[in-house]
Amino acid sequence: MKNFEVRNAHFDRLVNTPNLRWMGQNTNHATPHPAVLEAMERCIRDEEFHIYAPPAGLEELRQGIVADLGLTGLAALLSDGAVSSLYHVCHTLLRPGDEFITTDPTWNWPMSFARSVGATVKQIPIYGAEHGYRLAPERLAAAITPKTKVIYVVDPNNPLGSACTPAEIDGIVKAARDAGAYLIHDCTYRHFAYDHTLAATRYPERTITIYSFSKWLGLAGLRIGAVVAHPDLVEQFASAPPNNLGSNILSQRAAIAGLKIKAEWFPGVLSQQRANQKMIKDAVDKIPGFSVPVYPSNGNFMVIECQPAGVKAEALVAAYQRHGIMIRQGAYHTPTFGDRFIKVSTSVPSAWVEEFVALLPSVVEQARGQNEDVKLF
Ligand SMILES: Cc1ncc(COP(=O)(O)O)c(C=O)c1O
């Protein structure tokens, strides 16, 4: 069987597993606000799905996203999830021979998009105490070459949960500006951060801010996100977009309703998510050789180091899977550092986290010394 079939069958199995506890994909399982459900019900009842949405997205949503970011003067182009924006931006800006720079770990798909158009990819390692699990702007500046066209920064970083400080954003922007490079600032997890600085406030002409409704609003399956950038850049992105017939109208109605209830609804989701992180941290600290290198995480997920305990990440993932709990092995994010950690998503019901922590000591013992040959993705 071809690899894509094996991979798809894996996810199909997961999707069709009743009562699976999804703690591996940073999805948000909080109970939706009734207004979001009502907006979708209304859209279905009114049979709005017969029409195409406007090519760049419903105006109310475009304006709502720009207002949510506070990036007055910049423009939003809706996409079928943030990943579609990333695909499109990479395909629009990169040419064969260009260089694309990101961190290691990073979110991997944009590297595939860059390579698929003939660009080369350079990764700056940031995993480890020696780097503080973050990107020092000087290291970015030193990595840049005349071929560097795009810098891709995931902030907060997935999987690490570290977020750039204002001074780091200043430094990253300076490095990008000096090189005349585009800066893709992937802010998919921004809403979970304790403090977050948008690079676009410093470098509006060439920063491309990536926005998602999958995480903070919990709409992953509805596939709705956006790219926000200078109107000149968006004009370029809008000239040959992958979905010129508009993104899913049901998803857009849900997202508009979500922005309206955000101030009322999201703080509760955030505090529950942070309490979940604490529960996990307390449980991990009791296991010899296990640790949480970045705490608290600025994302809705956290990294747990397992290698010093002699426990394989894949074996832990497989052991939890047998209990109906999905978590992620580090190798999903990085072949270089992947053996060191697992990643656990925390925007989930506290009952799932209670189960996760209650199982941890026995799962560690099951996993210890095992060399799972299961294929994970
Ligand atoms: C850093 C990062 N960017 C983008 C995405 C994709 O988001 P969306 O569901 O909006 O396509 C993810 C999904 O996990 C992600 O981790």
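The values are calculated or read from the model by the stated rules, or taken from the named source; none is laboratory data. In this text the structure is predicted, and so the values were computed from the model without any measurement. Methodologically, a virtual Cβ is constructed for each residue, glycine included, from the backbone with ideal geometry; neighbour enumeration extends over all protein chains shown. SASA here: full protein model, heavy atoms, side chains in, ligands and nucleic acids out. Shrake-Rupley method; radii C 1.70, N 1.55, O 1.52, S 1.80 Å.
I need to check one value: relative contact order of segment 218-377, counting alpha carbon pairs closer than 8 Å and at least 6 residues apart, in percent.
Computed over segment 218-377, the figure is 21 percent.
Report the trypsin sites (Lys or Arg not before Pro) located in segment 268-377 that are in a DSSP loop and have at most 16 other Cβ atoms inside 10 Å of their Cβ, or state none.
Lys286, Arg368, Lys375
Which one, Tyr52, Thr334, Asn300, projects farthest toward the positive side of the charge dipole computed for the chain from Cβ point charges (K/R +1, D/E -1)?
Selected residue: Thr334.
Suppose each label sits 7 Å from its Cα in the direction of the beta carbon; what would the Asn108-Glu264 distance come out to in nanometres?
It works out to 4.2 nm between the two label points.
Going by the alpha-carbon gyration tensor, a ≥ b ≥ c the square roots of its eigenvalues, is segment 168-302 rounded (a/c under 1.5) or, if a/c is not under 1.5, prolate (a/b greater than b/c) versus oblate?
On the way: a/c = 2.48, a/b = 1.36, b/c = 1.83.
It comes out oblate by the Cα gyration axes.
For Ala275 and Ala35, what does the FRET efficiency come to when R0 = 25 Å and r is the distance between their Cβ atoms, rounded to the nearest 0.05?
So, using R0 = 25 Å, E works out to roughly 0.55.
Could you calculate the contour length gain from Ile44 to Tyr194, that is, 0.36 nm times the residue separation minus the distance between their Cα atoms, to one decimal place in nm?
Numbers: separation 150, 0.36 × 150 = 54.00 nm, distance 3.67 nm.
Fully extending the segment from Ile44 to Tyr194 adds 50.3 nm.
Roll a 1.4 Å probe over the protein chains and send me the accessible area per residue for the chain in Å².
Working: 15590 Å² over 377 residues.
Value for the chain: 41 Å² per residue.
Counting other Cβ atoms within 10 Å, which chymotrypsin sites (Phe, Trp or Tyr not before Pro) in segment 91-182 have at most 16 and lie in a DSSP loop?
none
Between rounded, prolate and oblate, where does the chain land on the alpha carbon gyration tensor, with a ≥ b ≥ c its root eigenvalues, rounded for a/c under 1.5, else prolate if a/b exceeds b/c?
Note, shape of the chain comes out oblate.
Using a 7 Å offset from the Cα along the Cα-to-Cβ direction at both Ala67 and Asp178, what is the distance between the two label points in nm, to one decimal?
4.0
Could you let me know the centre-to-centre spacing of segment 304-344 and segment 162-220, using Cα atoms, in angstrom?
Going from one Cα centre to the other spans 28 Å.
Considering the options Ala275, Pro34, Leu316, tell which one lies farthest towards the positive end of the dipole of the chain, charges being +1 on Lys and Arg and -1 on Asp and Glu at the Cβ, about the Cα centre.
The listed residue farthest towards the positive side: Leu316.
Would you mind telling me which residue in Met40, Met23, Met302 has the biggest mean-square fluctuation in a Gaussian network model of the chain, where springs connect alpha carbons within a distance under 10 angstrom?
Greatest mean-square fluctuation among the candidates belongs to Met40.
Around Gly81, which amide H atoms from residues at least 5 apart in sequence, or from another chain, sit under 5 Å from its own amide H, with H modelled in the peptide plane?
Under 5 Å from the amide H of Gly81: Ile224, Gly225.
Please list, in order along segment 178-187, the HN-Hα scalar couplings obtained from phi with the Karplus expression 6.51 cos²θ - 1.76 cosθ + 1.60 (θ = phi - 60°), rounded to whole Hz, x for Gly and Pro.
Whole-Hz 3J(HN,Hα) from phi for segment 178-187: 4, 8, x, 8, 7, 10, 8, 9, 7, 9.
Pull up all non-local amide H partners of Thr120: gap of 5 or more, or a different chain, and H-to-H distance under 5 Å with H placed in the peptide plane.
Gly97, Asp98, Glu99, Phe100
For segment 300-359, what % of the accessible area comes from carbon and sulfur atoms, probe 1.4 Å?
Percent of accessible area from carbon and sulfur atoms in segment 300-359: 51.
Once you keep just the Cα pairs under 8 angstrom separated by 6 or more residues, what percentage relative contact order results for the chain?
23
Work out the length of the dipole vector of the chain about its Cα centre, built from +1 on the beta-carbon of each Lys and Arg and -1 on the beta-carbon of each Asp and Glu, and round it to the nearest 20 debye.
Details: 35 positive and 36 negative charges, 97 e Å.
That gives the chain a dipole magnitude of about 460 debye.
Counting only protein heavy atoms and using a 1.4 Å probe, what share of the accessible area of segment 219-262 belongs to carbon plus sulfur, as a whole percent?
Reported share for carbon and sulfur atoms: 52 percent.
Ignoring the sites themselves, what is the longest stretch of the chain with no GluC sites (Glu not before Pro) in a DSSP loop and at most 15 other beta-carbon atoms within 10 Å?
Details: sites that count: Glu47, Glu205.
By the stated rule (loop sites, at most 15 other Cβ atoms within 10 Å), 206-377.
When a/c is below 1.5 the answer is rounded, else prolate if a/b is larger than b/c, else oblate, so apply that to segment 141-238 with a ≥ b ≥ c taken from the square roots of the Cα gyration tensor eigenvalues.
oblate
For the chain, what does -39500 (n - 2.57) per DSSP helix run (n ≥ 4), summed and divided by total residues, give at 222 nm, in deg cm²/dmol to the nearest 500?
After summing the helix terms and dividing by the residues of the chain, the value is -12500 deg cm²/dmol.
Among DSSP beta bridges whose residues both lie in the chain, state the antiparallel percentage, nearest 5.
Percent antiparallel among DSSP bridges in the chain is about 45.
Given 0.36 nm per residue, what is the gain on full extension from His91 to Lys147 after removing their alpha carbon distance, in nm?
Full extension from His91 to Lys147 adds 18.5 nm.
Please report, as a whole percent, how much of the solvent-accessible surface of segment 4-135 comes from carbon and sulfur atoms (probe radius 1.4 Å).
Working: 3490 of 6310 Å².
Its accessible area is 55 percent carbon and sulfur atoms.
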